[in-house]
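Derivation of every value follows stated rules applied to the coordinates shown; laboratory data play no part. Since we're looking at a predicted model, the values are computed, not measured. No Cβ is skipped: glycine too gets one built from the backbone with ideal geometry, and neighbour counts run over all protein chains shown.
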Amino acid sequence: MKDLTWIKERLIAHRGLHTIDKSVPENTLLAFDKAIEKGYGIEMDINVMGDGTVIVFHDIPLKRLTGIEGKVSELTFDEVKDLRIHNTGEKISTLKTVLDFVDGRVPLLIELKPLGNNNLLCENFMKVIKDYKGVYAIHSFSPFIVNWFRKNYPEVIRGQVTEFFRDDPKMKRITKYLMRTMFFNRITKPDFVNYGIKDLPNKYCDKAHKKGMCIISYASRTQEEFDMVKRHYDNSVFEYFIPKEG
C-alpha cells in the first residue's frame, strides 16, 4: 500500500525554498538546503542531457537561468557544470548530487519534464534513484511518462500534473480537453493529481476528489491561495511565502 500522507499533509516547497529576487535560485542546493532547514518537502524538476546525465533543472533552454544560449538536451554535463545560475554561486546539479545532498532528510516530489527523450529520461532516472533510501514520488505533465511508471515501476508513487492550458497556443483543443478532464487517468492510474492552481476549484477535480483521488496543486504564492486549495482538496505546493497551517 502506497503511503500518500506526506503528499497530502506535508508542506512542500516548489523548486526548493527559492526566492522571488533570485538570490536563492530555484532547483539549487541552496534552495534545497533552506527547505531542509525548515523540514519542508522539496518539489524539483529533472531533465536529461544529450549525454544521458539526469540534471535538476526546469528548462530545456539554458537562457532563462544562466544567460547562456543552448539546450540541455543537446549538451553534455561537462559543458554546463560550471555555469552560474542567476549570477549566484549556485550551479546546475546532477540528480545524483542532489540525492546525496538530501540523503532522505525530507521527502522529494520529482517532476520529470517531458521536453526531450522521455524513455531515456525515465530509464536514466531510475538508474540513479533505484538505491535511494529516502521517500520520493514522481509526477509529470506527460501521461506517457506516468504510464511508463505504471508499467515498469508500479511501486513508485506517480502523479499526473495538469491544468487547462489556456495559455498554450500550440496545444490542440482536443488535447487540452483530454488533459483538463484527466481522461488519461483511466489508463495511467496515477496515485495523485497535481493541478494548476489558476484553474482551481473545478468540476473535474471535485468529481475525482469525491471518488478518493488525492488532489494537490501548484503553486500557491499567497496564504489565501494555499487556504483555498486546502478547503477544497488536499494540499498545495508553495513558493515565495511560508504557509501557516491550521
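Pairs LYS2/LYS38; LYS8/LYS176; LYS8/LYS211; LYS151/LYS189; LYS22/LYS81: which are spaced more than 21 Å apart, C-alpha to C-alpha?
LYS2/LYS38; LYS8/LYS176
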**Study point:** Principal axis dimensions, the stretch 109-229 - Cα atoms, whole angstrom, descending
**Key:** 38, 32, 28
Check your understanding: Along the charge dipole of the chain, which of TYR233, ILE12, VAL98 sits closest to the positive end, that is, farthest toward it, with unit charges on the beta carbon of Lys, Arg, Asp and Glu (+1, +1, -1, -1)?
Key -> TYR233
Check your understanding: Mind checking the angle between helix 223-232 and the chain's longest principal axis? C-alpha axes, 0 to 90 degrees, to the nearest 10.
Key -> 50 degrees
Review point. Between exposed GluC sites (Glu not before Pro) in the chain, where DSSP calls loop and at most 11 other Cβ atoms lie within 10 Å, what's the longest gap?
Key: 156-244
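Against the empirical 2.2 N^0.38 Å scaling, what ratio does the C-alpha Rg of the chain come to?
Working: Rg = 17.2 Å, N = 246, 2.2 N^0.38 = 17.8 Å.
Working it through for the chain, the quotient is 0.96.
Determine the calculated [θ] at 222 nm for the chain from helices alone, applying -39500 (n - 2.57) to every DSSP H run no shorter than 4 residues and normalising by the residue count; nearest 500 deg cm²/dmol. It would help to have the intermediate numbers written out before the result.
Values: 11 runs with 82 residues, N = 246.
Calculated from helices alone, the mean residue ellipticity at 222 nm is -8500 deg cm²/dmol.
Starting from the eigenvalues of the Cα gyration tensor, five times each then square-rooted, give me the equivalent ellipsoid semi-axes of the stretch 33-102, largest first, whole Å. Could the numbers behind the result be given before it?
Numbers: eigenvalues 93, 39, 21 Å².
Ellipsoid half-lengths, sorted descending, are 22, 14, 10 Å.
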Point to revise | About the Cα centre, charge dipole magnitude for the stretch 5-238 (Lys/Arg +1, Asp/Glu -1 at Cβ), debye | key: 1060 debye
Point to revise | Residue of LYS34, LYS189, LYS170 that the Gaussian network model of the chain assigns the largest fluctuation, springs spanning Cα pairs under 10 Å | key: LYS170
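Counting DSSP beta bridges with both partners in the stretch 5-238, what percentage is antiparallel, nearest 5? The partial results should precede the final answer.
On the way: 7 of 35 bridges.
Bridges in the stretch 5-238 that DSSP calls antiparallel: roughly 20 percent.
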